[in-house]
């Protein structure tokens with residue numbers, strides 16, 4: 001295993017009610033790292049489903065545009081919990097500056113089996129969501145020694 005020589009951490013908070021207002025299932029964040037990262041580590045995730053609009057039972061997947069694996073993790077939208085994951089994902093290219101996209105996908109799509117890509121959590125006209133709480137997650141970008 002290669003040693004980590006640089007790291008930079010980001011905490012993202014998502015209010016799913018604001019995604020409904022924007023009619024989107026994703027967030028786009030411009031990132032400018034101090035170094036060219038080799039890996040993204042998904043450190044922790046916390047979700048609080050206590051809102052005025054109740055969630056529809058589901059497991060929400062988080063997709064990312066810059067990792068080789070694309071799907072980072074999943075969380076149940078019907079509970080309030082904190083999970084520490086430390087999931088490691090190699091980047092499709094070294095990444096230093098650009099937009100990182102996190103998309104939130106529903107998995108309960110009315111059938112006994114469903115395959116990628118899943119629809120986003122915000123769907124329909126007018127937009128509605130099966131996930132209405134607050135999500136916070138931490139990612140870390142790292143550079144390895146060569």
State all residues of region 39-53 that are under 17 Å from residue 25 (Cα atoms) and in a strand (DSSP E or B); if no residue qualifies, say none. 47
Matching residues, region 54-75, being in a loop (DSSP other than H, G, I, E, B) and surrounded by 16 or more Cβ atoms within 10 Å (Cβ to Cβ): 55, 58, 66, 70
Residue, modelled with the highest pLDDT, within region 122-144, restricted to residues that are over 23 Å from residue 81 (Cα atoms) and outside any strand (DSSP E or B): 127
Which one of the conditions (1) in contact with a strand residue (DSSP E or B) (Cβ under 8 Å, 6 or more places away or on another chain); (2) at negative phi; (3) free of Cβ contacts under 8 Å to residues at least 12 places away in the same chain does residue 125 fail to meet, given that it meets all the rest? (1)
Let me confirm something: among 85, 51, 78, which residue is surrounded by 14 or more Cβ atoms within 10 Å (Cβ to Cβ), in contact (Cβ under 8 Å) with a residue 12 or more places away in the chain and over 30 Å from residue 124 (Cα atoms)? 85
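The values are calculated or read from the model by the stated rules, or taken from the named source; none is laboratory data. Predicted model, so just to flag it, every value in this text is computed and none were measured. All Cβ positions, even for glycine, are placed from backbone atoms using ideal geometry, and neighbour counts span all protein chains on display.
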